[in-house]
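Each reported figure results from applying straightforward, stated rules to the coordinates on display, with no laboratory input. For clarity, every value in this text was computed on a predicted model and none was experimentally measured. FYI the Cβ positions are ideal-geometry reconstructions off the backbone, even for glycines, and counts take in every protein chain you see.
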Amino acid sequence: MNAIYARVSTDQVSSCRSRLLSMNALQIEEYIDDGYSGEYLERPALDRLREDIRNKRIEYIVIYDPDRLSRNLTNQLLLADEMEKADTKLIFITHDYDASPEGRLFFSIRGAISAFEKAKIRERTMRGKRTKALSGKLVFNDKAFGYDYDKENSMYIINEAEANFIKLMYNLCGNKQYSLRDIMLEFKSMGIVNRKNKPFTLSNIHRILINEMYAGTKWSFKHYGKKMSQYKTKIIPRPKEEWIPIQVPAIVTKELWEAAQKVLTKNKFLATRNTKRDYLLRGIIKCGCCNRSMTGVCRVQKGIEYKYYVCNKNMENWYLKTDKCTTMHIPASLIEESVWKALCSFIKDEHDIALYIPNVKKIDTTTEQLERMTSYYDELSQKRSAIMRWFRDNVIDSTIAEKELQEVQKEIVAAATALATISDKKTDFFVETSNITADQIMANTTFQTKRDILLKLHYTIYVTKTKNHLDWYLGH
């Protein structure tokens, strides 16, 4: 049997077939790797060809040019050697191949020159792209959401319709401190979709929010792709000094972009997706001895959970055998109750409690305050309707819906109570609220509300514990 090997061109296959027919070869098998790079050996048709060569099924193999066989000199020589060992005759259309020492030397020299030319082309192409980027033009059109592309000037043009969605996204994150999930659900409820006419996913939203391009600076040459094999390319970051900034039309302000980054960082730090259990002081408790953060851990004995806060230095000691911190494990219930009671008393004595309970504000008897609370009550009602709609549309499951509805319902009750107080009694809502004791607040406040209050106070809790003594203090 005789074979033709090619990677792309139909004309090349035709030339190879004509050559075999001129040799009166009748049995011809074509091995075509259309679309595969010649830099690597992993190619389906080439794999079949090599197997047939090893089984000595191929008498002649015709290839248009050596670089169709491989663009790598080492691989060219390896394949040529396999063919010679199997007594397969190798024929190139563009030049004669001689298996003699002199012919192999010429083959090697020609392959080296081809590899050099390829490297030079790649280097010139890269230099041209860098020059283009340094002149303030985009190197290529990546079809970024929010922009159209001006091919003549190699620059973005703001797509106003898409830009409005991006502005809303940044406003919800940077100004209203929505989480990625909340933004996704908000967009879903509003019927906002991406270019593929599908709802925005968490990854879609995250990529947009971290991209400085939307604030007017697109960084070029941040990464480069290194082909590891025919099927795998590794994205490798470049040193920051090699990045090239390109000024593009801004959709949001730099200040709003930076505010969004702070919210994303905070949300990542406080994320609960990897936390199986609730810890009230998670993210805001530190060791008073070594100033390291403390982590909530849980031990289960005979079916009973015992939760503790442990200094991260001691956590590292378990795995890395480093020096231990002197602060002992702190029972979570003990420190959480102590901190919460003290903060409730502090808030009651020094401040309006309503200032720290989320979504409940101090109410005056003025018309302006009445209108504000009425508007807030309407917002809560709309939020409740939205949750029900998300549940019906299978955006959220029943567990999440029930939890969200419980929280909203509590806020609605609080707002309704405030409205009744203003409308009927004509008195200050805070007068009644101020009579609530710290114990009553503890008994009637949900875990999430406590977390919200603690985070709003912006305190850090520093704790030390010895065998007989537990001490803690507040810091900023």
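On full extension, the segment bounded by THR446 and GLU29 gains 142.7 nm, given 0.36 nm per residue less the C-alpha separation. Derived scalar couplings between HN and Hα for segment 177-187 equal 6, 6, 7, 4, 5, 5, 5, 4, 5, 5, 5 Hz in order, rounded to whole Hz, by the Karplus curve 6.51 cos²θ - 1.76 cosθ + 1.60 (θ = phi - 60°), x for Gly and Pro. Pairs spanning more than 21 Å between alpha-carbon atoms, out of LYS268/LYS383; LYS143/LYS222; LYS222/LYS268; LYS234/LYS262; LYS234/LYS266: LYS268/LYS383; LYS222/LYS268; LYS234/LYS262; LYS234/LYS266. Here the spin labels are modelled as points 7 Å beyond Cα on the Cα-Cβ line, and at MET190 and SER345 they lie 4.6 nm apart. Distance between the 7 Å Cα→Cβ label points at MET1 and ILE304: 7.5 nm.
Amide H to amide H distances under 5 Å link SER220 with ILE244, ILE246, where only residues 5 or more positions off or on other chains count and H is placed in the peptide plane. Rg and Dmax over the alpha-carbon atoms of segment 1-105 stand at 12.6, 33 Å. With the highest mean first, a sort of the peptides 1-7, 248-254, 217-223 on other beta-carbon atoms found within 10 angstrom per residue produces 1-7, 248-254, 217-223.
The shape of segment 138-233 can be summarised by an equivalent ellipsoid whose semi-axes, obtained from the alpha carbon gyration tensor, come to 26, 18, 14 Å from longest to shortest.
Between the listed residues ILE158, MET190, ASN291, the Cα displaced farthest toward the positive end of the dipole of segment 143-298, a dipole computed from Cβ unit charges relative to the Cα centre, is found at ASN291.
Computing FRET efficiency as 1/(1 + (r/R0)^6) for LEU168 and LYS268, where r is the C-beta to C-beta distance and R0 is 25 Å, gives about 0.70.
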